[in-house]
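All remarks here apply to the structure that follows.
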Amino acid sequence: MINRIKALFSENPVDISEPNTDEVQAAAAALLVEAACMDGNFDDQERKSIIILMEQHFNLNDEESLTLVAEAENIIQKAGDLYTFTRVIKDRYEPKQRIDMIEMLWEVAFADGNVDYYEANLISRIAGLIFVSDFDRGEARKRVMARLGRS
């Protein structure tokens, strides 16, 4: 799995014309880590949130989730754009799954108790790149806030 993650984000990525769950997991993890890093502080609460989300959405165990998040963190430090990650999500996910991805991003943004401007802006940009409307992005935020007991 890790080799496919590295290949996805290498200078010569693997052919993504064939569906591959590992690539979707890697892209999702990278976007979630990017959201966590956006405020300049990738803390334990955000890391734990991402690990839980990866386990829930992709049926991964703790070790797989930890490895995926660590690899995503390394990749994010080297990556210069979101397109590589968002392209995989846009191409592989149905519209409902893309909205779920936005909800996951909001959960990470809210993990430390505060969504700052940069995190909200990143989620807006990602939503545009994966073709999630502003309305659906806002509704996803409301659902996450309700789930987390935020007003």
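Here is how the numbers come out for the structure above:
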{"read-out": "Lone qualifier among E94, E103, E55 - being surrounded by fewer than 17 Cβ atoms within 10 Å (Cβ to Cβ), under 14 Å from the mean Cα position of the chain (by Cα), at pLDDT 95 or above and of a type in the set (D, E)", "value": "E55"}
{"read-out": "Condition check for V144: of a type in the set (A, V, I, L, M), surrounded by 20 or more Cβ atoms within 10 Å (Cβ to Cβ) and in a helix (DSSP H, G or I)", "value": "yes"}
{"read-out": "Some residue of segment 77-86 being surrounded by 14 or more Cβ atoms within 10 Å (Cβ to Cβ), without any contact (Cβ under 8 Å) to a residue 40 or more places away in the chain and not hydrophobic (A, V, I, L, M, F, W, C)", "value": "no"}
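The values are calculated or read from the model by the stated rules, or taken from the named source; none is laboratory data. A quick note: this is a predicted structure, and the numbers were derived from the prediction, not measured. Here Cβ is always computed from backbone atoms with ideal geometry, including for glycine, and neighbour counts include all displayed protein chains.
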